[in-house]
Amino acid sequence: MPRPQLHQYTVAEASSRRWLYVLHGIYGTGRNWASFARRLVAGRPEWGAVLVDLRLHGHSKGFEPPHTLAACVHDLLGLSAALERPVDAVLGHSFGGKVALMMAAAVTPSQAWVIDASPGRRSPGGGAAERRRARP
């Protein structure tokens, strides 16, 4: 059976020669970043953006376990090879930021942007986790 491939949406101009891979947060999809990507490419047409649905998100279904950060990086490397678009830069938000950090270690892009993510593990926090702990 063929290995599933990540779904992606590309924003690019004919002059795009460098590629920014954009990785969404845990509850998102690549298309969440479409308006950002359109503005970026309009201002810097030498760059194109590959908006990725990470495994088990959006239209990227059918992936076998393990569902780890390392598996996400492996998926991205496969997508980059299939598209013949090298990872020149990576931007990751939240969960995607953790994947972006590991991706940067694997391919050493010229830039890695991490938004709202920490590199280490931590216990769940915030509103939902606090409400769960407060239940009788």
| said: Please go through the range 1-17 and give me each residue that is surrounded by fewer than 17 Cβ atoms within 10 Å (Cβ to Cβ) and closer than 19 Å to Leu77 by Cβ, ordered by number. | reply: Pro2, Arg3, Pro4, Gln5, Thr10
| request: Pull up the range 22-65, narrow it to residues that are crowded, with 19+ Cβ neighbours inside 10 Å and among the polar types (S, T, N, Q), then point me to the one that is farthest from Ser118 (Cα to Cα). | output: Ser60
| field | Listing of helices (runs of 4 or more DSSP H) fully contained in the range 1-114 that carry 1 or more residues being touching a residue at least 40 places away in the same chain (Cβ under 8 Å) | value | 69-83, 95-107
| remark: With criteria (1) buried (at least 18 other Cβ atoms within 10 Å of the Cβ); (2) under 12 Å from the mean Cα position of the chain (by Cα); (3) under 15 Å from Trp19 (Cα atoms), Ser94 comes up short on (3)
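No lab work stands behind these numbers, since they all come straight from the coordinates. It should be emphasised that the depicted structure is a prediction, and the values quoted were computed from it without experimental measurement. Glycine gets a Cβ as well: all are built from the backbone with ideal geometry, and neighbour counts include every protein chain shown.
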